[in-house]
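Scroll down for the structure; my scribbles are underneath it.
The values are calculated or read from the model by the stated rules, or taken from the named source; none is laboratory data. Just so you know, these numbers come straight off a predicted model, no measurement behind them. Ideal geometry is used to build each Cβ from the backbone, glycine not excepted, and the neighbour counts take in all protein chains shown. All accessible areas refer to the heavy atoms of the entire protein, side chains included, with ligands and DNA or RNA removed. Shrake-Rupley method; radii C 1.70, N 1.55, O 1.52, S 1.80 Å.
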Amino acid sequence: MTAAAGLASGADPAALGALRRSRPRRSHRGEAPRTTALRITGQIALVAALLLLAQWLVDSGTVPPIYLASPTQVLAEFPELLTTQNLLMHTGITLYAGLIGTVLGILTGVALGIWFGLSRGAGRFFSPFVSAIYAIPKVTLIPLLTLYLGIGIDHKIAVVFLFSLFVPLFNTMAGIKNVEEKHLKVARAYGASRAQIIRKVILPSAAAPIVTAIRIEAAGLLVITIFAEMVASQGGLGYLVQRAVSLYDTPALFALIIYVTVMAVAIIGLVNLLERRFLLRWKQR
């Protein structure tokens, strides 16, 4: 019964208010608190069961320790990584190369996407070259970059840049080309200049695919950097992973996988925060 129906039928408004307050509250996604609590409890129980199963499989000898590490072995490995293997130093090396390469790739890709999207002549001229470079398997270029740049930090930045360039470029071009024509007509009708149309209409309309590209590259930042370090490097998390593989150090390998996963989730969360705080505000101006 709604409030209006209740008043029309002569029901007591205080009773209707009490009835509404007695209904279970739901979260912003339409899920009741009890359902949320049950879901979270079930997720925690599933993770705990998997951990106990892994512990039992290793302790009982059902799975050889070279293939699987128990949770207790993985936890015991973290102090070793922090003290003797300089985990934080290698983390800094990976993040430095990954952030610089990704930022350069995103900025270059967005800039080229804006240029190609706004200039039909430039887009048509460079389109075959961009498509040809994009079609080249990037893995085949890594040996060349190693030959040209060695195995230092420049090599990793170049690899990450190469992998991070094309998604922002293509997303930016697609966002500009898909701008609503009626928005452009309205801006022209009000006498907006070309620069104002680009800044007030085209770029805000293309913000969504650009943000999507940034989120994709942020999610792959660690993956690409670690891959480059595993191919050829003398430092970084990829170097530690490769070292653990070569030594058949399964606990260290699992510990590094968990560590990298937590870092990747934190980076994606940071990108989502920046999107809400800055990018979406800019789009609404």
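Condition first: of a type in the set (D, E, K, R) and either free of Cβ contacts under 8 Å to residues at least 40 places away in the same chain or open to solvent by 30 Å² or more (accessible area, probe 1.4 Å) (or both). Now tell me which residues in the range 152-167 satisfy that.
Answer for the range 152-167, where residues must be of a type in the set (D, E, K, R) and either free of Cβ contacts under 8 Å to residues at least 40 places away in the same chain or open to solvent by 30 Å² or more (accessible area, probe 1.4 Å) (or both): just ASP154.
Looking at (1) open to solvent by 60 Å² or more (accessible area, probe 1.4 Å); (2) over 30 Å from ALA207 (Cα atoms); (3) modelled with pLDDT of 85 or more, can you tell me which one ILE93 breaks?
Here ILE93 meets the rest and fails (1).
State which residue pairs qualify: first residue open to solvent by 20 Å² or more (accessible area, probe 1.4 Å) and inside the range 221-245, second residue part of a helix (DSSP H, G or I) and of a type in the set (Asp, Glu) in any location, beta carbons under 6 Å apart, and separation of 6 or more residues or different chains.
That search, which allows pairs on different chains as well, returns TYR239/GLU229.
Looking only at the range 39-72, which residues are among the hydrophobic types (A, V, I, L, M, F, W, C) and within 21 Å of LEU247 (Cα to Cα)?
If the condition is that a residue be among the hydrophobic types (A, V, I, L, M, F, W, C) and within 21 Å of LEU247 (Cα to Cα), then VAL58, VAL63, ILE66, LEU68, ALA69 are the ones that fit.
Does the range 178-196 contain at least one residue that is open to solvent by 30 Å² or more (accessible area, probe 1.4 Å), within 30 Å of LEU145 (Cβ to Cβ) and either in contact with a His (Cβ under 9 Å, 6 or more places away or on another chain) or without any contact (Cβ under 8 Å) to a residue 60 or more places away in the chain (or both)?
There is no residue in the range 178-196 that is open to solvent by 30 Å² or more (accessible area, probe 1.4 Å), within 30 Å of LEU145 (Cβ to Cβ) and either in contact with a His (Cβ under 9 Å, 6 or more places away or on another chain) or without any contact (Cβ under 8 Å) to a residue 60 or more places away in the chain (or both).
Is it the case that THR261 is within 26 Å of TYR67 (Cα to Cα), open to solvent by 50 Å² or more (accessible area, probe 1.4 Å) and under 16 Å from the mean Cα position of the chain (by Cα)?
It is true that THR261 is within 26 Å of TYR67 (Cα to Cα), open to solvent by 50 Å² or more (accessible area, probe 1.4 Å) and under 16 Å from the mean Cα position of the chain (by Cα).
Among the residues of the range 111-143, write down those that are under 17 Å from GLY220 (Cα atoms) and in contact with a Leu (Cβ under 8 Å, 6 or more places away or on another chain).
Answer for the range 111-143, where residues must be under 17 Å from GLY220 (Cα atoms) and in contact with a Leu (Cβ under 8 Å, 6 or more places away or on another chain): just LYS138.
Taking the conditions exactly as written (in a helix (DSSP H, G or I), open to solvent by 80 Å² or more (accessible area, probe 1.4 Å) and either hydroxyl-bearing (Ser, Thr, Tyr) or in contact with a His (Cβ under 6 Å, 6 or more places away or on another chain) (or both)), does TYR134 satisfy them or not?
Against the criterion (in a helix (DSSP H, G or I), open to solvent by 80 Å² or more (accessible area, probe 1.4 Å) and either hydroxyl-bearing (Ser, Thr, Tyr) or in contact with a His (Cβ under 6 Å, 6 or more places away or on another chain) (or both)), TYR134 qualifies.
Check ILE66 against each of (1) closer than 30 Å to TYR248 by Cβ; (2) modelled with pLDDT under 90; (3) open to solvent by less than 80 Å² (accessible area, probe 1.4 Å); (4) among the hydrophobic types (A, V, I, L, M, F, W, C) and name the one condition it does not meet.
So ILE66 meets the others, but not (3).
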